[in-house]
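Some notes on the structure that comes next.
The values are calculated or read from the model by the stated rules, or taken from the named source; none is laboratory data. As the structure is a computational prediction, the values presented were derived from the model and not from experiment. Don't worry about glycine lacking a Cβ; one is built from the backbone with ideal geometry, like all the others, and counts go over all protein chains shown.
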Amino acid sequence: MQEDSDMADFSPVVELNVGGVFYTTALSTLTREGNSLLAHMFTGKQPPPPKDAKGKYFLDRDGVLFRYVLDYLRNQALVLPEKFCEKERLRQEAAYFGLPGMADAVQQYKDGLAAADKSRSAGYITVGYRGSFQFGRDGLADVKFRKLSRILVCGRVALCRDVFGETLNESRDPDHGVSDRYTSRFFLKHSFIEQAFDMLQEQGFKLAGSCGSGTAGGATADLKPGVDSEENRWNHYNEFVFVRD
């Protein structure tokens, strides 16, 4: 009964200023975990936080990370965005607000990511492409887009499959039943080099080195149908070596 009486002093809707970031939430959300610091602040078990110039309760904590504290209180579950980088800081925020369940959930999330990283095999993957600069009609350089004919992938077969999945075209190097073999004959089903880079980065690879060269495209006598002679002069080849420790 005493707690209900104390809560009656607070509005059912509470406006907060957390480190300069404003939030509006329900009193029932802030007091959901009865033993938390927020519950004590907003049930009268201890003095409430001070108010800022606009009458919002002020908490001198990380305003951006507080959104995850509120989400946890609302849903009783920890949901973090993909590639969330501030795990330790969030665990500290959970500990400060007296939310041991949330702190444990953050730690379990960290441990799960660490275990996943350890399970990934180390190795190198080389990505290369042959391309040119696309020109407009009559040889005028009014269209300066990069033109890629094909993105090549070299490395250990199992590692390449793990990274590129269904985007990997294996038609030039069919499965020979050897799981740990190497190939230099794979290519991708798309021609977006940045997409290949994104997939490598998502799998924990880092760029180790790169090189590029021209392909001596000055001769025009044996051009394939549809190949522009001016574009052929600007053919080039680039390779990028990625590594995962």
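Scan segment 10-58 for residues that are part of a strand (DSSP E or B), of a type outside the set (K, R) and over 21 Å from G101 (Cα atoms) and jot them down.
First, pick out the residues of segment 10-58 that are part of a strand (DSSP E or B): 13-18, 21-26, 51, 57-58.
Add one more test, that the residue is of a type outside the set (K, R), and what stays is 13-18, 21-26, 57-58.
Listed by number, the residues that qualify are V13, V14, E15, L16, N17, V18, V21, F22, Y23, T24, Y57, F58.
Among the residues of segment 86-98, write down those that are of a type in the set (A, V, I, L, M, F, W, C), crowded, with 16+ Cβ neighbours inside 10 Å and in a helix (DSSP H, G or I).
We begin by selecting, within segment 86-98, every residue of a type in the set (A, V, I, L, M, F, W, C); these are 90, 94-95, 97.
From what is left, the residues that are crowded, with 16+ Cβ neighbours inside 10 Å are 90, 94, 97.
Answer for segment 86-98, where residues must be of a type in the set (A, V, I, L, M, F, W, C), crowded, with 16+ Cβ neighbours inside 10 Å and in a helix (DSSP H, G or I): L90, A94.
Going by what's in this entry, would G63 be described as assigned to a loop (DSSP other than H, G, I, E, B) and over 18 Å from L99 (Cβ atoms)? Don't jump to the end; show me each part of the working.
Working: assigned to a loop (DSSP other than H, G, I, E, B): yes; over 18 Å from L99 (Cβ atoms): no.
The answer is no for G63.
Going through segment 106-128 one residue at a time, which ones are touching a residue at least 24 places away in the same chain (Cβ under 8 Å) and either crowded, with 19+ Cβ neighbours inside 10 Å or acidic (D, E) (or both)?
Of everything in segment 106-128, those that are touching a residue at least 24 places away in the same chain (Cβ under 8 Å) and either crowded, with 19+ Cβ neighbours inside 10 Å or acidic (D, E) (or both) turn out to be V106, D117, I125, V127, G128.
Working carefully through the options S184, S213, S191, find the one that is part of a loop (DSSP other than H, G, I, E, B) and either modelled with pLDDT of 75 or more or under 30 Å from E82 (Cβ atoms) (or both). Reasoning before the result, please.
On the way: S184 fails: part of a loop (DSSP other than H, G, I, E, B); S213 fails: part of a loop (DSSP other than H, G, I, E, B).
Matching residue, one of S184, S213, S191: S191.
Could you list, in sequence order, the residues of segment 177-206 that are farther than 29 Å from S132 by Cβ, among the small types (G, A, S) and under 22 Å from the mean Cα position of the chain (by Cα)?
G204
Determine the pairs where a residue that is free of Cβ contacts under 8 Å to residues at least 12 places away in the same chain and under 15 Å from R74 (Cβ atoms), located within segment 16-29, has a partner that is among the acidic types (D, E) and part of a strand (DSSP E or B) with Cβ atoms under 9 Å apart, the partner being 6 or more residues away or on another chain.
Pairs found: T24/E15.
Return the residues of segment 70-85 that are surrounded by 15 or more Cβ atoms within 10 Å (Cβ to Cβ), touching a helix residue (DSSP H, G or I) at 6+ places or on another chain (Cβ under 6 Å) and at pLDDT 95 or above; say none if nothing qualifies.
Y72, L73
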